[in-house]
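Participant: For reference, the structure I am asking about is given below.
The values are calculated or read from the model by the stated rules, or taken from the named source; none is laboratory data. Quick caveat, the model's predicted, so the values are computed rather than measured. Glycine also receives a Cβ, built like all others from the backbone with ideal geometry; neighbour counts cover every protein chain displayed.
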Amino acid sequence: MKIPEKGMSRDEVMAAMSRYAEKDTDWRSGRTFGYSYDAGRDAEKVTKEAYGRFLSENALDPRVYPSLVKFETEVVGICRTHLRGDDEVVGTFTSGGTESCMLAVKTARDWAKAEKGVTAPEMILPITAHAAFHKGASYFGVKVVPVDVDPQTFEADPAAVKAAVNENTVLIVGSAPSYAHGVIDPIVEMGKIALEHDVLLHVDACIGGFMLPYVKRLGRELPDWDFAVPGVTSISMDLHKYAYCAKGASVLMMKNKELRQHQIFACAAWTGYSVVNTTMQSTKSGGPMAAAWATLHHIGDAGYLELTRRAMDATDRIAAGVESIPELRMLGTPVMTLLAFASDEVDVFHVADEMKLRGWLIGAQLEYGPSPTNLHLTVGPTNDEKADAFVADLRASVEAAKALPKSDLPAQIQAAFANMSPEDISPETLKQMLAMAGASGTELPERESEINHVLDALPRALNEKLLVGYLNELFA
């Protein structure tokens, strides 16, 4: 592959890109549960226009494009009000939830070192906390201390959190809501623990924080989880999810400037310009923050309330439909538009394949801790019109899955690889494992149940090794 000797015309470029996109998921169809968040064509048009208008502006140096400073400070101001923060609360626009969460980890590490002399930092994570915190721990040298959750509600266990605190604890993480089950951790109780032990408490509200205040305004009962809770020191909240902004758009909100200074990086020890960054990026396009400002102002408060109503109506109908199918059971009691369901009678990986054949995209989640193998839905307003059709196809897919043979791959995988360590996995063994899962090459099979069975059967360290190997091959 090399750059073409003669440049292609605009029409040729666009035609080639359209060919590449032929197999992409149609996220506007109302048949996709996750990945993209759709507020309708009108909002999409405004978002894209604003993004394109400021695509080439660079937020590296705030002195050069004061418009970007204005966009960021006003977006952050909106988010501060939304999260019930006082005048001391500050925030930063980031590229997404993972960056927001990782910066929270970095901030806690540096705060604890400066304020308490902690040199072996630890972070308390309920096992339902997002993988982004494990990523932050890996990048920034913070030890993860996992704690159990309630096996029925899937909420963090305050007693387990409290028992895990020690002199090296720099951060406690709670979710509002957790991605896997859509439930809010007991943030009030966790805040009391954080205050008692003088540690930071981060609330991961990446996927639901923007929507939750609207859910409450629709009359749903919700526990407190935001800056109104004593002990909460930072909150991450994505805008490219239920605020329907362009990717990547997130905010990391901090209780005050004194805390945020530990988030900021500066370097003057080189021959070039002095570097100071609030985020992990230096150069960053003004497109996402301009688009976020435009989207928030275009949709408006009443618009977001209506979008939330539609999404919650769809969720209610889908949840009721799931509960009406005898072979399925809901996991936990979701507070908004994230839900998960499992089965003791049918292979849910087969159910996911059957739904895919019927034109639906839903997620599969592996067994971990008290959470069994399950299927996950992230419901949006465009799923509203398709909710009844979804339930009908889900019912048919369960019946079809019941007739499919039980996979013998888990037993084979466990027998072959369960006693191996990641260090024992050679490139050839890795290819063998991928082939057994039907994931050799760059094309996934039409049915993915075998892949999911392999991943579910492996010890988690081997699972991660396999995922790394597959991705390494995919982008060769």
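Participant: For segment 390-426, give me each residue that is of a type in the set (Gly, Ala, Ser) and outside any loop (DSSP other than H, G, I, E, B).
Facilitator: Hits for segment 390-426 are Ala392, Ala396, Ser397, Ala400, Ala401, Ala411, Ala415, Ala416.
Participant: OK, next. Looking only at segment 61-79, decide whether some residue is among the polar types (S, T, N, Q), crowded, with 18+ Cβ neighbours inside 10 Å and within 26 Å of the chain's Cα centre (by Cα). Working first, answer last.
Facilitator: Applying the first criterion (among the polar types (S, T, N, Q)) to segment 61-79 yields 67, 73.
Among the residues that remain, those that are also crowded, with 18+ Cβ neighbours inside 10 Å are: none.
No: segment 61-79 contains no residue that is among the polar types (S, T, N, Q), crowded, with 18+ Cβ neighbours inside 10 Å and within 26 Å of the chain's Cα centre (by Cα).
Participant: Step by step: first the residues of segment 315-337, then only those that are among the hydroxyl-bearing types (Ser, Thr, Tyr) and surrounded by 16 or more Cβ atoms within 10 Å (Cβ to Cβ), then the one that is nearest to Phe390 (Cα to Cα). Which residue is that?
Facilitator: Here the residue is Thr315.
Participant: If Gly248 satisfies every condition in (1) surrounded by fewer than 24 Cβ atoms within 10 Å (Cβ to Cβ); (2) of a type outside the set (S, T, N, Q); (3) at pLDDT 95 or above; (4) within 20 Å of Cys101 (Cβ to Cβ) but one, which is the exception?
Facilitator: Gly248 satisfies all of (1) surrounded by fewer than 24 Cβ atoms within 10 Å (Cβ to Cβ); (2) of a type outside the set (S, T, N, Q); (3) at pLDDT 95 or above; (4) within 20 Å of Cys101 (Cβ to Cβ) except (3).
Participant: Shifting gears a bit: Of the residues that make up segment 259-272, is at least one in contact with a Phe, Trp or Tyr (Cβ under 7 Å, 6 or more places away or on another chain) and surrounded by fewer than 24 Cβ atoms within 10 Å (Cβ to Cβ)? Break it down into steps so the answer makes sense when it comes.
Facilitator: Going through segment 259-272, the residues in contact with a Phe, Trp or Tyr (Cβ under 7 Å, 6 or more places away or on another chain) turn out to be 259, 262.
In the following step, the residues that additionally are surrounded by fewer than 24 Cβ atoms within 10 Å (Cβ to Cβ) were identified as 259, 262.
Yes, because at least one residue in segment 259-272 is in contact with a Phe, Trp or Tyr (Cβ under 7 Å, 6 or more places away or on another chain) and surrounded by fewer than 24 Cβ atoms within 10 Å (Cβ to Cβ).
Participant: Go through segment 131-157 and give me each residue that's touching a residue at least 24 places away in the same chain (Cβ under 8 Å), surrounded by fewer than 18 Cβ atoms within 10 Å (Cβ to Cβ) and assigned to a helix (DSSP H, G or I).
Facilitator: Listed by number, the residues that qualify are Lys135, Tyr139, Phe140.
Participant: Quickly run through segment 119-130 and pick out the residues that are crowded, with 21+ Cβ neighbours inside 10 Å, in a loop (DSSP other than H, G, I, E, B) and aliphatic (A, V, I, L, M).
Facilitator: Hit for segment 119-130 is Ala129, nothing else.
Participant: Right, here's the next one. Can you tell me which residue among Ala411, Ala392, Ala435, Ala387 is more than 21 Å from the chain's Cα centre (by Cα), exposed (fewer than 13 other Cβ atoms within 10 Å of the Cβ) and within 24 Å of Gly332 (Cα to Cα)?
Facilitator: Unique residue meeting the criteria: Ala392.
Participant: Could you list all residues from segment 273-284 that are of a type in the set (S, T, N, Q), crowded, with 16+ Cβ neighbours inside 10 Å and in contact (Cβ under 8 Å) with a residue 60 or more places away in the chain?
Facilitator: Correct list: Thr278, Thr279.
Participant: Take Arg41 and tell me if it is closer than 30 Å to Val391 by Cβ, in contact with a Phe, Trp or Tyr (Cβ under 8 Å, 6 or more places away or on another chain) and not assigned by TED's automatic domain parsing to the domain that holds Ala246.
Facilitator: no
Participant: If Val276 satisfies every condition in (1) closer than 29 Å to Val90 by Cα; (2) not in a strand (DSSP E or B) but one, which is the exception?
Facilitator: For Val276, the exception is condition (2).
Participant: Also: Yes or no: Ala292 surrounded by 21 or more Cβ atoms within 10 Å (Cβ to Cβ), outside any loop (DSSP other than H, G, I, E, B) and at pLDDT 95 or above?
Facilitator: Yes, satisfied.
Participant: Is it the case that Asp38 is touching a residue at least 40 places away in the same chain (Cβ under 8 Å), loosely packed, with under 11 Cβ neighbours inside 10 Å and closer than 25 Å to Gly209 by Cα?
Facilitator: no
Participant: Is there a residue being in the same structural domain as Gly96 (by TED's automatic domain parsing), over 21 Å from Ala340 (Cβ atoms), of a type in the set (Lys, Arg) and within 22 Å of the chain's Cα centre (by Cα) anywhere in segment 187-201?
Facilitator: Looking only at segment 187-201, we keep the residues that are in the same structural domain as Gly96 (by TED's automatic domain parsing), and these are 187-201.
Remaining after also requiring over 21 Å from Ala340 (Cβ atoms): 188-201.
Narrowing further to those that are of a type in the set (Lys, Arg): 192.
Those still in the list that are within 22 Å of the chain's Cα centre (by Cα) too: none.
No: zero hits.
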